[in-house]
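Colleague: Submitted below is the structure of interest, expressed as structure tokens.
The values are calculated or read from the model by the stated rules, or taken from the named source; none is laboratory data. Worth saying up front: this structure is predicted, and the values here are computed from it rather than measured. The protein model used for the area step is the full one, side chains on, heavy atoms only, and it has no ligands, DNA or RNA in it. Shrake-Rupley method; radii C 1.70, N 1.55, O 1.52, S 1.80 Å.
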Amino acid sequence: MKQSTNSIRTGSASIGHASALDFAQPEPLDMASGKYVKLWQGPQHPGITGNMSLELVLEGDTIIDCKTHVGYLHRGFEKLMERRTFIQNFTVVCRIAVPEPTFNEYLYSHAVEEISGIEIPERAIWLRTLNLELMRLASFLMWIGGMSGAFGQYTVPNWTLAYRDFVLDLFEEMTGARIYHMYIVPGGVRAGLPDGFRKRARDVMDGAEKLLDQVERVMFNNAVFKARSKGLGIISPDMIDPYGIVGPNARACGVSRDLRKDEPYLAYDQLDFDVITGSDSDAYERAYLRLQETRQCISLIRQCLDHTPGDGAFQADMPNVLHWKVPAGETYVKAECTRGEYGYYMVTDGSEFVRRVHVRGPSYTHAIAVMERLAVGNNIADIAGLMVSLHTYPPEIER
Amino acid sequence: MNTLLERLQRDFSVSEITVRKPTMTTLKVDRDIAERLIRELRDRETYTHLNFITCIDYIEDGIFTLVYMLHNYELNHTLGIHVDISRDQAEMTSIHTLWAQAWTYQRELREMYGIRFPGSPRLDEDFCLEGWDQIPPMRREFDTKKFSEERFGHREGRDNEVPREHMKVELYPNRGGDEK
């Protein structure tokens, strides 16, 4: 079913990439020769959140060329932000990555705070950390379902997507919303924890842990899943920097990089966890690493529940946000989301509007440069699984 | 870090070196030697990770500032390389041979700002905007509201309202608009 080679030869035309450092585009194929079929895959994919298309060229059932097409979700967030005040923007940013809005909320707020010199209270630091880790858990549960579904196993998606709703219940209690929380705002967060939240959250974590044990048995011990995902879409260590690969996709081939450890932010320097790494970054290894990180996430949430102060301020003293002018400055802030480095580059000019915001999402390279390279040489049946194994969110590409 | 910056000043005439925070510094370099500087940082100074390439439109000065954000994993340090180019002749040396994702950024900058990167692969293919026939939309002079009204027409319920006046007229007509 799978072919692990990333560079194949047809006739005299060499296609694919000769080595990790060769970024040359493939030579044009003679589509009129009758040897090839062009096929559009997408833009709807059950396994990824958002829409993008893959323009595939097939020879038989083998992919010999792949081009990623995005643009189905372009809403011009970066442009919109230049025309809105600083406080108006926090309602916009959460929509940039649908399954993980809180990373956008945190990074936008953090960038504004850094340029303005605002220190947030201790309680807000812990509440933000808890919020981000809950988001990571919800996102991973969704991803596990997508990954399993892409290989024809439809029991696991039913389990994990249903269980994700219990995490969304926690978000609803904590923030008032299930998807777009708008909870993390410049200066802190919007509220503390409701009464009894910690116990209910711990109960959900206990259930999630049991669920992951079942997922491991059903999905990762399944012979078909193993046979199809092992050796599929191998990322070698020498691809990591040239292709800008980050997060679990990089860690799965043994590269120990995690911003929560390397450049600790919020309360991560007070949490007990190790960076999980793998050895062969194929689809199976990447999936298994994410399962381990989901378990780790549950541990981090429990630690946050133990340490988050029950009282104290959760908002810093702020200027009147309706007439707020942020000093001129420039910064780049980043956080480790489920897919790796997520960053906000912000430039301000002293006015009440941001001069420029650039959102750096890991999908930008994973879904285009990496995907286009890894797809070549694989069987058409494996393309959905390969795509999900890279864990991409198209909205953050288009911003 | 200081040694590196001194060397860059000497060899590449970089200017406006600003320490934004302990883990981030920005500097400005001439357009003609920017590609050589970026290559040097990647190959000799282990700034091997390209975070992103982006652009800031300073329409009032007639320039685009290109920003190349590079990261050094060994030092946990980020360098922001600023390069000014003219808005009227928006063209820059391509770095698509240095990182695999660079051409994607360059393709996006061509579409969103109209900046050309000669030699960059698939530069003229549409990125996000299929069949776009207006000025590049991220340029400051592009007015999104005007474009939207002209292209899609007026839509009921999409007017801007002053909340206080709207509430007075629509929601609380019998109470003079005051919440009591």
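Colleague: If A:Leu80, B:Leu98 are ordered by their accessible area, calculated over protein heavy atoms with a 1.4 Å probe, which sequence runs from highest to lowest?
Modeller: Largest to smallest exposure gives the sequence A:Leu80, B:Leu98.
Colleague: A further question follows. Largest first and in whole Å, give the semi-axes of the range B:1-48's equivalent ellipsoid, each being the square root of 5 times a Cα gyration tensor eigenvalue.
Modeller: Here the semi-axes work out to 16, 13, 10 Å.
Colleague: Shifting gears a bit: What does the accessible area of A:Ile144 come to, in Å² to the nearest 10, when a probe of 1.4 Å is used?
Modeller: The value for A:Ile144 is about 0 Å².
Colleague: While we're here: Using modelled backbone amide H atoms (1.01 Å from N, in-plane), which distant-in-sequence or interchain residues come within less than 5 Å of A:Val255's amide H?
Modeller: A:Gly278
Colleague: Out of every Cα pair in the protein assembly as shown, what percent are spaced more than 39 Å from each other?
Modeller: Across the protein assembly as shown, Cα pairs with separations above 39 Å total 29 percent.
Colleague: A follow-up question, please. Taking θ = phi - 60°, what integer Hz values does the Karplus form 6.51 cos²θ - 1.76 cosθ + 1.60 yield along the range B:4-19, in sequence order, with x for Gly and Pro?
Modeller: 4, 5, 5, 5, 5, 5, 6, 8, 10, 6, 5, 9, 6, 6, 10, 7
Colleague: Over the protein assembly as shown, with the other protein chains present, what is the accessible area per residue in square angstrom, probe 1.4 angstrom?
Modeller: Details: 23150 Å² over 579 residues.
That works out to 40 Å² per residue.
Colleague: From the gyration tensor of the Cα coordinates in the range A:57-161, what semi-axes in whole Å does the equivalent ellipsoid have, largest first, with each one equal to sqrt(5λ)?
Modeller: After scaling each eigenvalue by five and taking roots: 35, 22, 11 Å.
Colleague: Also, I was wondering about something else. Rounded, prolate or oblate: which fits the range A:293-399, taking a ≥ b ≥ c as square roots of the Cα gyration tensor eigenvalues, rounded meaning a/c under 1.5, else prolate when a/b beats b/c?
Modeller: oblate
Colleague: Give me, ordered by chain and number, the residues 5 or more places off A:Tyr393 or on other chains with an amide H under 5 Å from its own placed amide H.
Modeller: Those lying under 5 Å, H to H, from A:Tyr393 are A:Ser363.
Colleague: List every residue whose amide H lies under 5 Å from the amide H of A:Arg190, counting only residues 5 or more places away in sequence or on a different chain, with H placed 1.01 Å from N in the peptide plane.
Modeller: A:Val185
Colleague: Still on this structure: What percentage of the solvent-accessible surface of the range B:2-154, computed with a 1.4 Å probe over protein heavy atoms, is contributed by carbon and sulfur atoms?
Modeller: Looking at the range B:2-154 in its full context, I get 44 percent from C and S.
Colleague: Something else: Figure the gain on full extension for B:Asp32 and B:Tyr58 (residue separation times 0.36 nm, minus the Cα-Cα span) and round it to one decimal in nm.
Modeller: 7.4 nm
Colleague: Using θ = phi - 60° and the Karplus curve 6.51 cos²θ - 1.76 cosθ + 1.60, what whole-Hz ³J(HN,Hα) does each residue of the range A:111-119 get, with Gly and Pro shown as x?
Modeller: Those phi angles translate into 5, 5, 5, 5, 5, 7, x, 8, 9 Hz.
Colleague: Let me ask something additional. Treating only the Cα positions of the range B:2-154 as identical point scatterers, give the base-10 log of I(q)/I(0) from the Debye formula at each q in 0.10 Å⁻¹.
Modeller: Log10 I(q)/I(0), no solvent term: -0.40.
Colleague: Then there is this: Run the numbers on the range B:122-152: which residues show a drop of 50 Å² or more in accessible area, chain on its own versus all protein chains together, using a 1.4 Å probe over heavy atoms?
Modeller: Relative to the lone chain, where solvent access is computed with a 1.4 Å probe, the range B:122-152 loses at least 50 Å² at B:Arg122, B:Phe127, B:Cys128, B:Met138, B:Arg140.
Colleague: I'd like the accessible area for A:Lys325, computed on protein heavy atoms only with a 1.4 Å probe and all protein chains in place. Round to 10 Å², please.
Modeller: Counting only protein heavy atoms, A:Lys325 exposes about 130 Å² to solvent.
Colleague: Of all accessible surface on chain A at a 1.4 Å probe, what whole percent is carbon and sulfur?
Modeller: It is 51 percent, rounded to a whole number.
Colleague: In addition: Can you compute 3J(HN,Hα) from phi for each residue in the range B:61-72, using the Karplus curve 6.51 cos²θ - 1.76 cosθ + 1.60 with θ = phi - 60°, rounded to whole Hz and x for Gly and Pro?
Modeller: Using θ = phi - 60°, the values come out as 9, x, 10, 9, 9, 7, 10, 9, 9, 10, 10, 10 Hz.
Colleague: Helix A:155-175 versus the longest principal axis of chain A: what angle, 0 to 90°, nearest 10, using Cα atoms?
Modeller: The two axes meet at around 20 degrees.
Colleague: Related question: Could you put A:Tyr332, A:Tyr72 in order of accessible surface area, largest first, with the 1.4 Å probe and the full protein assembly present?
Modeller: A:Tyr72, A:Tyr332
Colleague: Taking a quarter of the surface of the Cα convex hull of the range A:194-260, what do you get in nm²?
Modeller: 7.1
Colleague: Enter the buried accessible area of the A/B pair, total of both sides, probe 1.4 Å, in Å² rounded to the nearest 100.
Modeller: Details: alone 15550 and 11400 Å², together 23150 Å².
Buried: approximately 3800 Å² between B and A.
Colleague: Separate question: In Å and on Cα atoms, what radius of gyration and Dmax does the range B:1-91 show?
Modeller: 12.9, 39
Colleague: Follow-up question, since we're still on this one. Rounded, prolate or oblate: which one fits the range A:37-87, using the alpha carbon gyration tensor with axes a ≥ b ≥ c (rounded when a/c is under 1.5, else prolate when a/b beats b/c, else oblate)?
Modeller: Numbers: a/c = 5.11, a/b = 3.16, b/c = 1.62.
Because a/c hits 1.5 or more and a/b exceeds b/c, the range A:37-87 counts as prolate.
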